[in-house]
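**Q** Take this structure first; my questions come after.
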Amino acid sequence: MLHDIDVFNCFLVIMAVVAVIVYVALHFINAGYGMMYDRRWGPSISNRVGWVLMEAPVFIAMCLLWWASDHRWEPVPLAIFAMFQLHYFQRSFIFPLRIKGHNRMPLAIIAMGVLFNVLNAVMQGGWLFYLSPAGMYGTDWLFTPQFIAGTVIFATGMAINIDSDSIIRHLRRPGDTRHYLPQGGMFDYVSSANYFGELLEWIGFAILTWSWAGAVFALWTFANLAPRAEQIYKRYSREFGDEFTRRKLHRIIPFIY
């Protein structure tokens, strides 16, 4: 696959179609982790361990694809690789350590996350290091509108994602088990600001790489997070009533959805 562009393109089409199917399915099925945790998903482990097991494989797989490539020290592929890995280092090894509480994550969710993450590493690493046209990511790419705009969007999204996670993490004091509405930052515009930040990151990544692989990943991010944002919105509406609805928030994209 990593040396046959036709096979790779078929792979991207399949991944895009599956993303649409997942988007529809998640409107009827709650992914049972985090605030939506559901014992019916089967055996579970600590949320902290679960996040590491689910997210670390993409970090490791991308490292292997990078190291095996003849382009690993070229400035632009290396810069794009570093941005991708910066997100997943934070998500795999920093974010889990900061999780408060004793929530659980089902092994089934972890397994599905691992599968997607490894396939995504193949998509992004395959394109970046093996199948992108010769010369596309030369040094001059650093000065293109796509790279500059995409990098700004990616960095903004990552900052929003980290800030929103911090707001959620500090909603409760030690020993408190009540639910609270997150406020501040992008939570003044959407009820799932952390998801908006992540979606913005991967839209930026698709732009800065100017690739179908990046676009399919952005599609997957929306397909996975938008239905969950809808479920969170409905839950907040039920739990907080007028306190929530009078804020007139959108779900995941400010002023739009």
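The values are calculated or read from the model by the stated rules, or taken from the named source; none is laboratory data. What you see is a predicted model, and the numbers here were worked out from it, not measured in a lab. Cβ atoms come from the backbone with ideal geometry, glycine included; neighbour counts cover every protein chain shown.
**Q** Spot the failing condition for F129; the list is (1) surrounded by fewer than 18 Cβ atoms within 10 Å (Cβ to Cβ); (2) under 23 Å from the mean Cα position of the chain (by Cα), and only one is missed.
**A** So the condition that F129 fails would be (1).
**Q** If you take the residues of segment 177-214 that are surrounded by fewer than 19 Cβ atoms within 10 Å (Cβ to Cβ) and hydrophobic (A, V, I, L, M, F, W, C), which of them is modelled with the lowest pLDDT?
**A** Restricting to residues being surrounded by fewer than 19 Cβ atoms within 10 Å (Cβ to Cβ) and hydrophobic (A, V, I, L, M, F, W, C), the top hit is L181.
**Q** Right, here's the next one. If you take the residues in segment 236-257 that are β-branched (V, I, T) and surrounded by fewer than 19 Cβ atoms within 10 Å (Cβ to Cβ), which one is farthest from M35 (Cα to Cα)?
**A** Of everything passing the filter in segment 236-257, I256 is farthest from M35 (Cα to Cα).
**Q** While we're here: When segment 204-257 is examined, which residues are found to be in contact with a Phe, Trp or Tyr (Cβ under 7 Å, 6 or more places away or on another chain), farther than 30 Å from Q124 by Cα and of a type in the set (S, T, N, Q)?
**A** S237
**Q** Of the conditions (1) over 14 Å from the mean Cα position of the chain (by Cα); (2) without any contact (Cβ under 8 Å) to a residue 12 or more places away in the chain, G184 clears all except one; give me its number.
**A** Exception for G184: condition (2).
**Q** If you don't mind, another one. Does segment 160-174 contain any residue that is of a type in the set (G, A, S) and within 25 Å of V22 (Cβ to Cβ)?
**A** Keep residues of segment 160-174 that are of a type in the set (G, A, S), which gives 164, 166.
From what is left, the residues that are within 25 Å of V22 (Cβ to Cβ) are 164.
Yes: one or more hits.
**Q** Taking segment 4-41 as the region of interest, how many residues are of a type outside the set (D, E, K, R), farther than 24 Å from R98 by Cβ and out of contact with any Gly (no Cβ under 9 Å at 6 or more places or on another chain)?
**A** Count: 23.
**Q** What is the number of the single condition among (1) touching a residue at least 60 places away in the same chain (Cβ under 8 Å); (2) outside any helix (DSSP H, G or I) that M158 does not meet?
**A** It fails just one condition, (2).
**Q** Here is a further query. Residues being touching a helix residue (DSSP H, G or I) at 6+ places or on another chain (Cβ under 9 Å) and either of a type in the set (D, E) or buried (at least 17 other Cβ atoms within 10 Å of the Cβ) (or both): count how many of those fall in segment 3-15.
**A** Qualifying residue count, segment 3-15: 5.
**Q** Does any residue of segment 225-235 turn out to be polar (S, T, N, Q) and either within 19 Å of G32 (Cα to Cα) or at pLDDT 95 or above (or both)?
**A** At the first step, the residues of segment 225-235 found to be polar (S, T, N, Q) are 231.
Subset that is either within 19 Å of G32 (Cα to Cα) or at pLDDT 95 or above (or both): 231.
Yes, segment 225-235 has at least one match.
**Q** Taking segment 88-99 on its own, how many of its residues are loosely packed, with under 15 Cβ neighbours inside 10 Å, touching a helix residue (DSSP H, G or I) at 6+ places or on another chain (Cβ under 8 Å) and of a type outside the set (F, W, Y)?
**A** The qualifying residues number 2.
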